[in-house]
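To start, the structure under review is shown below, and the notes come after it.
Every number here is computed from the coordinates shown, using simple stated rules; none is lab data. If you're wondering where the values come from, they're calculated on a predicted model, not measured in any experiment. Glycine gets a Cβ as well: all are built from the backbone with ideal geometry, and neighbour counts include every protein chain shown.
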Amino acid sequence: MGLGSSHPKPFPGDILEFPLNKYFSHFGIYYGERDGVPYVAHLTCRDSETKLLLFGRALKSEVKLDPVELVGRKYKVRNLLDEVHPPRDFYSLVKPAIDDMIGRDVTFDILFHNSEHQATLFRYGLKKSTQIEKVYAQILPTWKKPFEKKKL
């Protein structure tokens, strides 16, 4: 089922990473099964017309609950902050937060509120995106010298 999973089967509250390409992935929270079908809660755009591609934003995004296989057949469990931040209890905190967010308008922003930010917010109570931090790590050294020389 899960490619490269750290568990043979995800547990409710686990972060699932769905690779999109070699640079970026889509993330969600494993919600559990309904009628034997595994579900994931994830931040997604409602339709392609809502994307403002130039700025990496979409004003009409929402948290959706979809079957795992609809989101992606290949995934891995990525509870990457467990050693630093204790995960919140799924049944008393995460599940009610997901249920409350489903269908609400959320602004998607690739730099400040993407699917990884949303997944870590649910699991840990804080927004973090390691893939965006990697992008910053590549960009900042390139921009550092022009800023120091006051050319930007």
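Brief remarks on what is shown
- Cβ-based net charge around Asp82, under 13 Å, with every Lys or Arg adding one and every Asp or Glu removing one: +2
- Pairs spanning more than 18 Å between alpha-carbon atoms, out of Lys74/Lys128; Lys9/Lys127; Lys9/Lys76: Lys74/Lys128; Lys9/Lys127.
- Nonlocal amide H pairs with Ser25, under 5 Å, H built at 1.01 Å: Leu20
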